[in-house]
Structure formats: structure tokens, C-alpha cells
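The next block holds one structure in the form of C-alpha cells; read it before the comments.
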Amino acid sequence: MPEIIAIDFGTKRTGIAATDPLQIVASGLTTIPTQEVIPFLLDYLKTHDVSTCVLGQPKRHDGSLSEVEEEIKKFISALEKKIPSLKVERHDERFTSKMAFQTLLDSGIGKKKRQDKGLIDKISATLILQSYLESNNNTSL
């Protein structure tokens, strides 16, 4: 079974997570500068079978789309041109950054490590992917 990857898109940094081959567990892969995401994915796809890329869909409290949505649409367009075989799906990412930070707090990681925004982005991508997996399992029951 192919992997699924998730992207927590940011204008500067982007967190990336992937499932195991059985699509059961989401794990954080990395956080990289956003302009390096497509080259990273092209390289990753050389050694991994990936069917789907889940991009977080940032929404405000009222459900309207975040201001970064226009940048995400440009990224999706570039991604679909470079890797047309990769299916792109969107998944609500509200509160994932807050949940990622809380995860760091709960894990007892020191203050200096908690200030690493790249770590928060990677955890956010993992939370987006895990939520996506859970929502798809619930709909197939």
C-alpha cells in the first residue's frame, strides 16, 4: 500500500509528515524552507511509493479561509505540474499548531526546544495526517 504524506504549509517553513506503508501511523519527517518542498518531494518519491499528499487547510475561528490560502493554491498548482501522479487532498488544520505546542509541553521537552518553530511545524504536519487518517477510517466503516 502506498504512503500518504502531509504538508503543514507555511510561507517560510513547511512541515512534512508521512504514513507507514500500511497507512496506520503518521510520523513527522522534516521541516524545510518552503521553496525546497517540491525538490524534497521529487527526491522522496524516488525511494517511496506515495499516492496522496494531504495539505492542511488553515481556517479562521469563523470557518473562513486564512490569508495564506492564496499561497497554498499557488503551491498546489506548482505541485500538480511537477508531480501530476500525486493526488492532492485538503484537510482542516485548525488548531494543529496549538495542539503541537501543547504536545511539546505535555512531553516535558525543555523551553529552548519548544521554541523551535520547525519542530512545531513537523508535529503539526503529523497531526494533520493523523486526523486525515482517522477521518478516512471513520467514513469507511
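Values for this structure:
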| item | result |
| --- | --- |
| Some residue of the range 37-44 being surrounded by 15 or more Cβ atoms within 10 Å (Cβ to Cβ), among the β-branched types (Val, Ile, Thr) and within 13 Å of the chain's Cα centre (by Cα) | yes |
| Residue pairs meeting the criteria (Cβ under 7 Å; at least 6 apart or on separate chains; first more than 13 Å from Phe9 (Cβ to Cβ), in the range 60-77; second of a type outside the set (D, E, K, R)) | Arg60/Ser66 |
| Scope the range 64-90; condition closer than 13 Å to Thr52 by Cβ and exposed (fewer than 11 other Cβ atoms within 10 Å of the Cβ); matching residues | Ser85 |
| Filter pass, Gln23 being of a type in the set (S, T, N, Q), out of contact with any Phe, Trp or Tyr (no Cβ under 7 Å at 6 or more places or on another chain), closer than 21 Å to Leu133 by Cβ and touching a residue at least 60 places away in the same chain (Cβ under 8 Å) | yes |
| Some residue of the range 65-75 being hydroxyl-bearing (Ser, Thr, Tyr), assigned to a helix (DSSP H, G or I) and either within 15 Å of Asp92 (Cα to Cα) or out of contact with any helix residue (DSSP H, G or I) (no Cβ under 7 Å at 6 or more places or on another chain) (or both) | no |
| Residue in the range 60-80 that is in contact with a strand residue (DSSP E or B) (Cβ under 8 Å, 6 or more places away or on another chain), within 16 Å of Gln130 (Cα to Cα) and polar (S, T, N, Q) present | no |
| Residue in the range 32-52 that is among the polar types (S, T, N, Q), touching a Gly at 6+ places or on another chain (Cβ under 8 Å) and at negative phi present | yes |
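For every residue, the table says whether it meets (1) at pLDDT below 95; (2) closer than 18 Å to Leu127 by Cβ; (3) in a loop (DSSP other than H, G, I, E, B).
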position	(1), (2), (3)
Met1	yes, no, yes
Ile4	no, yes, no
Ala17	no, yes, no
Gln23	yes, yes, yes
Gln35	no, no, no
Leu41	no, no, no
Val54	no, yes, no
Asp62	yes, no, yes
Phe101	yes, yes, no
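The values are calculated or read from the model by the stated rules, or taken from the named source; none is laboratory data. Predicted, not measured: the structure shown is a model, and the values here were computed from it. With ideal geometry, Cβ positions are generated from the backbone for all residues, glycine too; neighbour counts draw on all protein chains shown.
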